[in-house]
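Enquirer: There's a structure below that I have some questions on.
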Amino acid sequence: MNPFSSSTRLRDMIRSIRACKTAAEERGVVRKECADIRASINENDPHDRHRNLAKLMFIHMLGYPTHFGQMECLKLIASPGFPEKRIGYLGLMLLLDERQEVLMLVTNSLKQDLNHTNQYVVGLALCALGNICSAEMARDLAPEVERLIQFRDPNIRKKAALCSTRIVRKVPDLAENFINAASSLLKEKHHGVLITGVQLCYELCTINDEALEFFRKKCTEGLIKTLRDITNSAYQPEYDVAGITDPFLHIRLLKLLRVLGHGDADASDLMTDILAQVATKTESNKNAGNAVLYECVETIMAIEDTSSLRVLAINILGRFLSNRDNNIRYVALNMLMKAIAFDDQAVQRHRVTILECVKDPDASIRKRALELVSLLVNENNVKQLTKELIDYLEISDEDFKEDLSAKICSIVEKFSPEKIWYIDQMLKVLSEAGKFVKDDVWHALIVVITNASELHGYTVRALYNAVLTYSEQETLVRVAIWCIGEYGDLLVNNVGMLGIEDPITVTECDAVDVIVDAITRHNSDMTTKAMALVALLKLSSRFPSISERIKDVILKQKGSLLLEMQQRAIEFNSIVERHKNIRSSLVERMPVLDEATFNVRRAGSLPASVTTMAKPSVSIPNGVSAAPLVDLLDLGSDDILAAPSSSSGADFLQDLLGVDLGSSSAQSGATPAPKAGTDLLLDILSIGTPSPAQNSTSAIDLLSTADMNNNSSTALDTLSSSAPPHIATTASAGGMFDLLDGLSTSPSKEATNGPAYPPIVAYESSSLKIEFTFSKPSGNPQTTNVEATFINLSPNTFTDFVFQAAVPKFLQLHLDPASSNTLPANGGKVTQNLRVTNSQHGKKSLVMRMRIGYKVNGKDVLEEGQINNFPRGL
Amino acid sequence: QIHFVLLVSRQGKVRLTKWYSPYTQKERSKVIRELSGVILNRGPKLCNFVEWRGYKVVYKRYASLYFCMCIDAEDNELEVLEIIHHYVEILDRYFGSVCELDLIFNFHKAYYILDELLIAGEIQESSKKTVARIISAQDQMVEAAKEEAGSISYIIAQAS
């Protein structure tokens, strides 16, 4: 623009960027240009703006940040000249999006330009508004745009119409204001205006029922006539595309007729003739014609039943499906999915062709075809279709196997006529694509297997054979080791042979080999290894003759780098070695898993919402993804609950406790022993690794059952005292006794026991007050229970309230969860229990630093303080 | 509705981007990266549609450039192919057998033409002639303004 300007021209900048050999070089050039542009922006010379913005747009396209140029757009838009406005609006649309606040500043300029005397300036403003307006701008400028729909020049009318579609999309409430203006556009002859007018009507119909009724009553016949006119019109070079007059207008009209005819028999009747005409007369050798046919078929399928038309539509789709053009086949598959809804039989006729499409080299077509096939499956054809799909699974691309195997599994699960068939098919899928199969699928398979008691032998033998060949398929291996663990005896003794089976000879050693293989393979993941270890424990009882070998394998895992494996190995080893008397009862056959319950849980995303006992939602910290397995555990734990009430219950638990004490002394300073005990118990009954939260709840369940039975053996007391999930202390022997004492007493006793200490105000600010009341558990002078009460003194509610505290080394502090994390305004209270253990009891007093965080009106507030006024002698 | 238009060269260089739905700067670069990866790697003779994040991307290659438009899953893919072709024809007429270099050095012109073809992600004009006429009318206004500015600055230059 400016001949005196020192900066490079746009052309030169593009050249120098293109000349760059490396990305670093390009960044250098861009950085320098950006610096120049910034400097130029700071000089505020209006002559350079145009060029600066053009450069910035190019830089923006390369992916560099250009936000500093946003204000330049606004300045250019506000300047009087057309060239400046033109580039300004272009920059606005490219550099900003509707979510930026800067955009609001442009509303006023837009308003002025919408009223400009030059129609091209009005056009620029409409275009910008139509492409990026926000809801707020839409509201502000809707009256201007509505007026412009009636503007004398068609160029403005069409732009205003499309701008209105954006406005009503952003603010559906405004729709009714546009109904009249939009209907006037339908009478236009100018194709651009007509196309945009029809589009606006379509938009209004989809968001506003009144508009739909209005256009249906007033415009259906007119639209049909317009469609007939252009369908029958003589050759018009301006609008002709491959022999079709204005396919774009055709398509828009068919689309609008679709919403008008849908759900209204009268309107549908009116359009039958013209739809039949379009469906039969449109040339289908070029893409444009097929685009129109496609839209026409879609309209025929959406409007009210006119069966002769639907036959026509299905025939067109059949032709599409056998077309050589991939695009046409793709849309055919897409449309056939909708056609199934009203004519399943007609679509079934194309089954063979559709199955071929599943094997197409084109991923897009494969995906569509697979979706369609899964809709075509029913009880009658499931066996044949599944066979085809599984055959293809063997040879398909690796990256398609995930989708394909998921679909096969869902088909098999849904339509399987009998269990043996289901199991067979699932084994095939696991063998071919086991590494892609999702957890819930193989969990479901295990549930089905446990329920098919007559097939246990058959299944475990089939799995054994499969895993020998496909040992790299992780989920196959998992199911196999679970089944071998459970049904290993059936495997080696050929129990429950079916007529179709060939007898096989598997020794106990062979069976264990498979599991040893899984546990030692370096690429087995944690879940597989954990399952293998549990299977070994089971087999040590099922195969007594080789239990020594199994013990060795278990022992080896003591050196595992995975903590979970290490711990289990030690526990299992002590069961094998020292508790032979209970081993067989511990690893008895799993009770049959309840299919119905499993399915309900699988369907519900949150296991917690459907469990019979209120359990916290499960999160497993050590990376074992075993949610449904934990569900299995739930089912199992019903049986645990039954155990203590039976005659052997107390002994059983005592024995277990013995095991724990043994193991906890073996690993010095590990998890508290009673906790490990419950872990162990639950683990044996389950196949996954439950989370600590899970343990503790189960432990509480145990406790409550024990109470009901009035069964107060010491062992149970000890076990129950581990119930609260928050034992932070390490298991040094002394500490453990403290712990037991501290916890076994109930809070009501605490209140009456020991000397009374006066409550204190620990902290007070203008908005918050904290009071502490104290109590001592009997028999343990070192420990103090503190009940903290937080009082909101302000008129605002506190949310996300968190209290944190720190103590010196001679103290140990434990925080229970607070009663709530929200403090209502004006005196709202939250309480939280703290437990402080003073190892220097009698020598030093308590002291504490604390920090409180909460939100007021969404703002974070932090308060800190030190508490020195604890009563002496705590 | 068309959500965005992308022009990407065979080397993966972006030649034009137009966004009709709100995407942040970050999302935009991510979308471009993701899609050009998918589309440039597709073999010839495959269909021109890619399913992506619940949308469909219709693309067509002209010489060294891929023209891509992202639409809703239920939109008419075949029509979008026609829209792409319509745009290419208009560009071709405007530049006189258009090539990638034209679109690099005159990228703003490619945008102006697109703005006469699409607004709010919907087609606005089915006549190539009409688009050409409106564009040339605006180009003339720019030329006229340039001349005027040129002459004034010429006078100032003379005076100083």
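The values are calculated or read from the model by the stated rules, or taken from the named source; none is laboratory data. Everything quoted here is computed from the prediction, not taken from an experiment. Note: ideal-geometry Cβ built from the backbone for every residue, glycine included; neighbour counts use all protein chains shown.
Enquirer: Just to verify a result, which residue in the range B:94-108, among those that are without any contact (Cβ under 8 Å) to a residue 40 or more places away in the chain and at the interface with chain A (Cβ under 9 Å from one of its Cβ atoms), is farthest from A:Leu53 (Cα to Cα)?
Expert: Ranking the qualifying residues of the range B:94-108, first place goes to B:Phe105.
Enquirer: Sort out which residues of the range A:278-296 are away from chain B (no Cβ under 14 Å) and among the small types (Gly, Ala, Ser), and write them in order of number.
Expert: The one that is away from chain B (no Cβ under 14 Å) and among the small types (Gly, Ala, Ser): A:Ala279.
Enquirer: Which one is farthest from the chain's Cα centre (by Cα) among residues in the range A:227-248 that are within 14 Å of chain B (Cβ to nearest Cβ) and in a helix (DSSP H, G or I)? Please lay out each step first, then the result.
Expert: First pass over the range A:227-248, keeping only residues within 14 Å of chain B (Cβ to nearest Cβ): A:230, A:233, A:236-248.
Filter once more, so that each one left must be in a helix (DSSP H, G or I): A:230, A:247-248.
Working: A:Ile230: 48, A:Pro247: 40, A:Phe248: 38 Å.
Result: A:Ile230.
Enquirer: Of the residues that make up the range B:112-119, is at least one within 30 Å of A:Lys158 (Cβ to Cβ), free of Cβ contacts under 8 Å to residues at least 60 places away in the same chain, away from chain A (no Cβ under 11 Å) and among the hydroxyl-bearing types (Ser, Thr, Tyr)?
Expert: Taking every residue of the range B:112-119 in turn, none turns out to be within 30 Å of A:Lys158 (Cβ to Cβ), free of Cβ contacts under 8 Å to residues at least 60 places away in the same chain, away from chain A (no Cβ under 11 Å) and among the hydroxyl-bearing types (Ser, Thr, Tyr).
Enquirer: Taking A:Pro781 as the residue in question, decide whether it is more than 24 Å from A:Asp860 (Cα to Cα) and in contact with a strand residue (DSSP E or B) (Cβ under 8 Å, 6 or more places away or on another chain). Lay out the reasoning, then the answer.
Expert: Numbers: more than 24 Å from A:Asp860 (Cα to Cα): yes; in contact with a strand residue (DSSP E or B) (Cβ under 8 Å, 6 or more places away or on another chain): no.
In short, no.
Enquirer: Can you tell me which residues in the range A:768-809 are free of Cβ contacts under 8 Å to residues at least 40 places away in the same chain and over 15 Å from A:Asn833 (Cβ atoms)?
Expert: A:Lys769, A:Ser778, A:Gly779, A:Ile791, A:Asn792, A:Leu793, A:Pro795, A:Pro808, A:Lys809
Enquirer: From the list B:Lys45, B:Lys56, exactly one residue is loosely packed, with under 15 Cβ neighbours inside 10 Å, free of Cβ contacts under 8 Å to residues at least 40 places away in the same chain, among the basic types (Lys, Arg) and at the interface with another protein chain (Cβ under 10 Å from one of its Cβ atoms). Which is it? So that I can check it myself, show each step before the final result.
Expert: Values: B:Lys56 fails: loosely packed, with under 15 Cβ neighbours inside 10 Å.
From the options B:Lys45, B:Lys56, the qualifying one is B:Lys45.
Enquirer: If you don't mind, another one. Which residue out of A:Asp360, A:Asp403 is assigned to a loop (DSSP other than H, G, I, E, B), acidic (Asp, Glu), within 27 Å of B:Tyr59 (Cα to Cα) and out of contact with any strand residue (DSSP E or B) (no Cβ under 6 Å at 6 or more places or on another chain)? Quick ask: steps written out before the conclusion?
Expert: Values: A:Asp403 fails: assigned to a loop (DSSP other than H, G, I, E, B).
So the residue among A:Asp360, A:Asp403 that is assigned to a loop (DSSP other than H, G, I, E, B), acidic (Asp, Glu), within 27 Å of B:Tyr59 (Cα to Cα) and out of contact with any strand residue (DSSP E or B) (no Cβ under 6 Å at 6 or more places or on another chain) is A:Asp360.
Enquirer: Which one of these is of a type outside the set (A, V, I, L, M, F, W, C), farther than 16 Å from A:Gly318 by Cβ and within 14 Å of chain B (Cβ to nearest Cβ): A:Thr272, A:Thr299?
Expert: Values: A:Thr272 fails: within 14 Å of chain B (Cβ to nearest Cβ).
Going through A:Thr272, A:Thr299 in turn, the sole match is A:Thr299.
Enquirer: Given the conditions (1) in a helix (DSSP H, G or I); (2) farther than 25 Å from B:Thr24 by Cα; (3) within 14 Å of chain B (Cβ to nearest Cβ), which single one is not true for A:Cys73?
Expert: Only one criterion in (1) in a helix (DSSP H, G or I); (2) farther than 25 Å from B:Thr24 by Cα; (3) within 14 Å of chain B (Cβ to nearest Cβ) is unmet by A:Cys73, namely (2).
Enquirer: Looking at B:Arg15 and the list (1) modelled with pLDDT of 90 or more; (2) under 29 Å from A:Gly289 (Cα atoms), which single condition is not satisfied?
Expert: (2)
Enquirer: A:Gly63 is checked against (1) within 14 Å of chain B (Cβ to nearest Cβ); (2) farther than 22 Å from B:Lys18 by Cβ; (3) small (Gly, Ala, Ser) and fails just one. What number does that condition carry?
Expert: Condition not satisfied by A:Gly63: (2).
Enquirer: Right, here's the next one. Going through the range A:21-65 one residue at a time, which ones are aliphatic (A, V, I, L, M) and surrounded by 15 or more Cβ atoms within 10 Å (Cβ to Cβ)? Before you say what the answer is, go through the steps one by one.
Expert: Here is the first cut: in the range A:21-65, the ones aliphatic (A, V, I, L, M) are A:23-24, A:29-30, A:35, A:37, A:39, A:41, A:53-54, A:56-57, A:59, A:61-62.
Once the filter is applied, which keeps residues that are aliphatic (A, V, I, L, M) and surrounded by 15 or more Cβ atoms within 10 Å (Cβ to Cβ), the range A:21-65 yields A:Val29, A:Val30, A:Ile37, A:Ile41, A:Leu53, A:Ala54, A:Leu56, A:Met57, A:Ile59, A:Met61.
Enquirer: Same structure again: So which residues in the range A:106-120 are assigned to a helix (DSSP H, G or I) and either facing chain B (nearest Cβ under 9 Å) or within 19 Å of A:Ala142 (Cβ to Cβ) (or both), if there are any at all?
Expert: Start the filter on the range A:106-120 by keeping residues that are assigned to a helix (DSSP H, G or I), which leaves A:106-114, A:119-120.
Scanning the range A:106-120 gives A:Val106, A:Thr107, A:Asn108, A:Ser109, A:Leu110, A:Lys111, A:Gln112, A:Asp113, A:Leu114, A:Tyr120.
Enquirer: Go through A:Glu394, A:Glu413 for me and flag whichever is assigned by the TED database to the domain that holds A:Phe598, acidic (Asp, Glu) and modelled with pLDDT under 85.
Expert: Result: A:Glu413 is the single residue among A:Glu394, A:Glu413 that is assigned by the TED database to the domain that holds A:Phe598, acidic (Asp, Glu) and modelled with pLDDT under 85.
Enquirer: For the range A:295-308, enumerate the residues that are surrounded by 22 or more Cβ atoms within 10 Å (Cβ to Cβ) and touching a Ser or Thr at 6+ places or on another chain (Cβ under 6 Å).
Expert: Matches in the range A:295-308: A:Ile303 only.
Enquirer: Considering (1) more than 10 Å from every other protein chain (Cβ to nearest Cβ); (2) under 24 Å from A:Lys189 (Cβ atoms), say which one B:Leu91 fails and leave the rest.
Expert: Going through (1) more than 10 Å from every other protein chain (Cβ to nearest Cβ); (2) under 24 Å from A:Lys189 (Cβ atoms) one by one, B:Leu91 breaks only (2).
Enquirer: Being at pLDDT 90 or above, within 18 Å of the chain's Cα centre (by Cα) and more than 8 Å from chain A (Cβ to nearest Cβ) is true for just one of B:Ile2, B:Ile83, B:Ile32. Which residue is that?
Expert: When all the criteria are applied, what remains is B:Ile2.
Enquirer: Counting only residues that are within 13 Å of chain B (Cβ to nearest Cβ), give me the helices (runs of 4 or more DSSP H) lying completely in the range A:126-222 with at least 3 of them. Reasoning before the result, please.
Expert: Details: elements: A:135-148, A:154-170, A:175-185, A:191-207.
Correct list: A:135-148, A:154-170, A:191-207.
Enquirer: Can you work out which of the residues in the range A:511-545 that are within 18 Å of A:Asp489 (Cα to Cα) and among the polar types (S, T, N, Q) is surrounded by the fewest Cβ atoms within 10 Å (Cβ to Cβ)?
Expert: Looking at the filtered set, the residue picked out is A:Ser545.
Enquirer: Scan the range A:180-208 for residues that are over 36 Å from the mean Cα position of the chain (by Cα), crowded, with 20+ Cβ neighbours inside 10 Å and more than 24 Å from A:Glu238 (Cα to Cα) and jot them down. Give the derivation first.
Expert: Initially, the range A:180-208 is screened for residues over 36 Å from the mean Cα position of the chain (by Cα), giving A:180-198, A:201.
In the following step, the residues that additionally are crowded, with 20+ Cβ neighbours inside 10 Å were identified as A:181-182, A:185-186, A:191-198, A:201.
Within the range A:180-208, A:Ala181, A:Ala182, A:Cys201 qualify.
Enquirer: Among the listed residues B:Asp92, B:Asp102, which satisfies the condition of being surrounded by fewer than 17 Cβ atoms within 10 Å (Cβ to Cβ) and not in a strand (DSSP E or B)? Quick ask: steps written out before the conclusion?
Expert: On the way: B:Asp102 fails: surrounded by fewer than 17 Cβ atoms within 10 Å (Cβ to Cβ).
Of the residues listed, the single one that is surrounded by fewer than 17 Cβ atoms within 10 Å (Cβ to Cβ) and not in a strand (DSSP E or B) is B:Asp92.
Enquirer: Another question about this same structure. Residues of the range A:339-357 being in a helix (DSSP H, G or I) and either more than 14 Å from chain B (Cβ to nearest Cβ) or among the hydroxyl-bearing types (Ser, Thr, Tyr) (or both), which ones? Before you say what the answer is, go through the steps one by one.
Expert: First, the residues of the range A:339-357 that are in a helix (DSSP H, G or I): A:339, A:344-348, A:351-357.
Matches in the range A:339-357: A:Ala339, A:Asp344, A:Gln345, A:Ala346, A:Val347, A:Gln348, A:Arg351, A:Val352, A:Thr353, A:Ile354, A:Leu355, A:Glu356.
Enquirer: Let me ask something else. Is at least one residue of the range A:315-338 within 25 Å of A:Gly289 (Cα to Cα), away from chain B (no Cβ under 14 Å) and crowded, with 22+ Cβ neighbours inside 10 Å?
Expert: Yes, there is a match, as at least one residue in the range A:315-338 is within 25 Å of A:Gly289 (Cα to Cα), away from chain B (no Cβ under 14 Å) and crowded, with 22+ Cβ neighbours inside 10 Å.
Enquirer: Are there any pairs with C-beta distances below 6 angstrom linking a residue in the range A:518-543 that is closer than 16 Å to A:Trp442 by Cβ and without any contact (Cβ under 8 Å) to a residue 12 or more places away in the chain to a residue that is part of a helix (DSSP H, G or I) and small (Gly, Ala, Ser), with the two at least 6 apart or on different chains, and if so which?
Expert: none
Enquirer: Mind telling me which of the residues A:Arg521, A:Arg461, A:Arg478 ends up being within 34 Å of the chain's Cα centre (by Cα), basic (Lys, Arg) and at pLDDT 85 or above? Working first, answer last.
Expert: Details: A:Arg521 fails: at pLDDT 85 or above; A:Arg461 fails: within 34 Å of the chain's Cα centre (by Cα).
Step by step, each of A:Arg521, A:Arg461, A:Arg478 is checked, and only A:Arg478 is within 34 Å of the chain's Cα centre (by Cα), basic (Lys, Arg) and at pLDDT 85 or above.
Enquirer: Kindly evaluate B:Tyr55 against the criterion of being within 24 Å of A:Asn290 (Cα to Cα) and among the aromatic types (Phe, Trp, Tyr).
Expert: Yes: the conditions hold for B:Tyr55.
Enquirer: Given the range A:481-568, what helices (runs of 4 or more DSSP H) lie entirely inside it while holding 2 or more residues that are within 15 Å of A:Leu463 (Cα to Cα) and of a type in the set (A, V, I, L, M, F, W, C)? Even if it seems obvious, please write down each step before you answer.
Expert: Details: elements: A:508-520, A:526-542, A:547-556.
Hits in the range A:481-568: A:508-520, A:526-542.
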